[in-house]
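Here, each number is a calculation from the coordinates, and none is a lab measurement. Since this is a predicted model, take the numbers as computed values, not measurements. Backbone-built Cβ (ideal geometry, glycine too); neighbour counts: all protein chains shown.
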Amino acid sequence: KAGVTQTPRYLIKTRGQQVTLSCSPISGHRSVSWYQQTPGQGLQFLFEYFSETQRNKGNFPGRFSGRQFSNSRSEMNVSTLELGDSALYLCASHNRPSGGAGETQYFGPGTRLLVL
Amino acid sequence: DAKTTQPNSMESNEEEPVHLPCNHSTISGTDYIHWYRQLPSQGPEYVIHGLTSNVNNRMASLAIAEDRKSSTLILHRATLRDAAVYYCILRDVNYGQNFVFGPGTRLSVLP
């Protein structure tokens, strides 16, 4: 079974631009979560989608948004990029909404975004 | 979310056992203990999880204290490939919450 794929793997943008990142979950998984990883803040939860609906949202500004399609693929968008948005953006795929005994998340390799 | 405390870093020799501790003194009865690790330039990967009893799988063992206020991830024979950041995470089975990652423990494995 193929793992979680994220595209692109690397991206360079300038301040003020917007960016869209894509995540394809493991086949059959209906939940996708997004995380931001920076050296200073570590891994922080952005949002989670299940069956095209946002279920949870982390403490990030409205510039960060996402969506999920009927095939469970998910995209996240960051508008009006700031230098501090430079980070590794990780997508995690899971079989059902977060919670529940033994629920495991499978992470993709991430998209490394550099904002200049 | 209940908090976890881990040492910032640990070092081990190759082919020796490694015990990675995690303190979670405010754990609730419905919190599961999860361990993930992140190898360099990769996303985190699942290692093991448990609730009350000790757990074993092909990757590691999880030893949970009787009062559940601490746990230890045991790698039986460390290899160079085990060098990673190890995260101990608590997740309540009753609530739809995502993982809250702390800084983790950076494990170095010496040849």
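Numbers for the structure displayed
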| read-out | value |
| --- | --- |
| Under 5 Å, built H, 5+ apart or other chain: amide partners of A:Arg55 | A:Glu48, A:Tyr49, A:Phe50 |
| Likely footprinting exposure, A:Phe60, A:Phe69, fewest C-beta neighbours within 10 Å first | A:Phe69, A:Phe60 |
| Sites excluded, trypsin sites (Lys or Arg not before Pro) in DSSP loops with at most 13 other C-beta within 10 Å, longest stretch of chain A | A:64-116 |
| Point-to-point label distance, B:Lys3-B:Arg58, nm (Cα→Cβ direction, 7 Å offset) | 3.8 nm |
| Other-chain or far-sequence residues with amide H under 5 Å of A:Lys13's (modelled H) | A:Leu114, A:Val115, A:Leu116 |
| Gained length - A:Gln41 relative to A:Thr20, 0.36 nm times residue gap less alpha-carbon distance | 5.4 nm |
| Fewest-first ranking of B:Leu80, A:Leu21, using other Cβ atoms within 10 Å as the exposure measure | B:Leu80, A:Leu21 |
| Dipole magnitude of chain B about its Cα centre (Cβ charges: Lys, Arg +1; Asp, Glu -1), debye to nearest 20 | 140 debye |
| Ranking of B:Tyr32, A:Tyr10 by count of other Cβ atoms within 10 Å, fewest first | A:Tyr10, B:Tyr32 |
| Spatial separation of Cα centroids for region A:38-116 and region B:1-55, in angstrom | 22 Å |
